[in-house]
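*Asks:* Here it is: the structure, laid out below.
The values are calculated or read from the model by the stated rules, or taken from the named source; none is laboratory data. Keep in mind it's a predicted model, so treat the numbers as computed, not measured. Positions of Cβ are backbone-derived with ideal geometry, glycine not excepted, and every protein chain shown enters the neighbour counts.
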Amino acid sequence: MTVGWLIDAGIFDAYHEELAAAVVRQGQRVVSLNRPDPPYDWDDASAAYRRAFPAGDCVVAHADIDLVGRILADDRWTPGAFATVPHFFCSHYYAHCGRFLLNKDYLMLPYAELPRCRDFLFAALGRDDRLFVRPDSPLKIFTGMTLSRSTFDKDYEFMGFYEFPVESLVVVSSPKTIVSEWRFVAAAGEIVAGTLYVNEGEPTALPAQDAGALAFANAVVAAGFRPDPVWMVDVCRTDDGGYHLLEIGGFSFSSLYGCDKDAVVQAVSRVALSLHAATKA
């Protein structure tokens, strides 16, 4: 039995050829797809992705969240994808990872309540008349940003540009200064690959070589919380030299940046085959 890898060549165009080559080197199967153009909808393209591999196959998708969601809903393949989205809401995983968080000092409330609660929030969490706000949802309904007391109304309006439901929960915390950011791939309870993707505020895509960041990621995984058999652990270092958990994410819809693609394919394929075998037992 081999694993079929379904790769979204559009969203991960920076490395999809590298990832596909790693899949082939390890004797697995790979199909690369591009989002239909036009009309930008898989249903309008007769859900062509379903023909990538036979029903019942062992398949791992690495793709846009929309396609990943469709694959999981289809339940056509095992595992199909590693993306149990509800487990990656802050309101879920903060309960398990609180001691590791960058934003340990936080409150959650509906987006629409921010204006009414602004004085309370600035008093409780403000730093230099600023607040940090991010969505509870892992689907990035807006990008986390800093709100200033002096420009609050404009910042609030800008945040709502994407017209998400006003009852959506947001996380409010004090602003921090992040120096570097790493992403680690956790599979079957251990870190199998990592990448530095922001350094001194600049995007990059290099293999992770910081021993402190790796040790911190290992500590997060060793604590026992496993939102999925394979998942992402994002670690940051702040200007005081401390390491913190920035967020976690679903493997199938998160970028691998500069991770060792061979290490990723080997570890993830092993987990996928184990899960597939369990369904046949």
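*Asks:* Consider Ala217 carefully, then state whether it is among the small types (Gly, Ala, Ser), in contact with a helix residue (DSSP H, G or I) (Cβ under 9 Å, 6 or more places away or on another chain) and crowded, with 18+ Cβ neighbours inside 10 Å.
*Replies:* no
*Asks:* Which strands (runs of 3 or more DSSP E) does segment 93-158 wholly contain that include 2 or more residues that are under 20 Å from Thr238 (Cα atoms)?
*Replies:* 130-135, 145-148
*Asks:* Taking Glu167 as meeting all but one of (1) out of contact with any Cys (no Cβ under 8 Å at 6 or more places or on another chain); (2) of a type in the set (Asp, Glu); (3) outside any loop (DSSP other than H, G, I, E, B), write down the number of the exception.
*Replies:* For Glu167, the exception is condition (3).
*Asks:* Take Val172 and tell me if it is out of contact with any Gly (no Cβ under 8 Å at 6 or more places or on another chain) and closer than 28 Å to Leu6 by Cβ.
*Replies:* No, not satisfied.
*Asks:* If you don't mind, another one. Test each condition in (1) surrounded by fewer than 22 Cβ atoms within 10 Å (Cβ to Cβ); (2) touching a helix residue (DSSP H, G or I) at 6+ places or on another chain (Cβ under 7 Å) for Leu256 and report the one that comes out false.
*Replies:* (1)
*Asks:* Okay, next question. Would you pick out the residues in segment 194-207 that are buried (at least 17 other Cβ atoms within 10 Å of the Cβ) and either basic (Lys, Arg) or free of Cβ contacts under 8 Å to residues at least 40 places away in the same chain (or both)?
*Replies:* Val198
*Asks:* Spot the failing condition for Tyr243; the list is (1) closer than 19 Å to Leu139 by Cα; (2) in contact with a Gly (Cβ under 6 Å, 6 or more places away or on another chain), and only one is missed.
*Replies:* Of the numbered conditions (1) closer than 19 Å to Leu139 by Cα; (2) in contact with a Gly (Cβ under 6 Å, 6 or more places away or on another chain), the odd one out for Tyr243 is (1).
*Asks:* For the list (1) crowded, with 18+ Cβ neighbours inside 10 Å; (2) out of contact with any Pro (no Cβ under 8 Å at 6 or more places or on another chain); (3) not assigned by TED's automatic domain parsing to the domain that holds Gly160, I need the number of the one condition that Asp74 fails.
*Replies:* (1)
*Asks:* Scan Gly98, Gly27, Gly56 and give me the residue that is surrounded by fewer than 16 Cβ atoms within 10 Å (Cβ to Cβ) and closer than 30 Å to Ser148 by Cα.
*Replies:* On the way: Gly27 fails: closer than 30 Å to Ser148 by Cα; Gly56 fails: closer than 30 Å to Ser148 by Cα.
The conditions single out Gly98.
*Asks:* Condition first: outside the structural domain of Ser150 (by TED's automatic domain parsing) and closer than 20 Å to Asp153 by Cβ. Now tell me which residues in segment 92-138 satisfy that.
*Replies:* Selection gives nothing.
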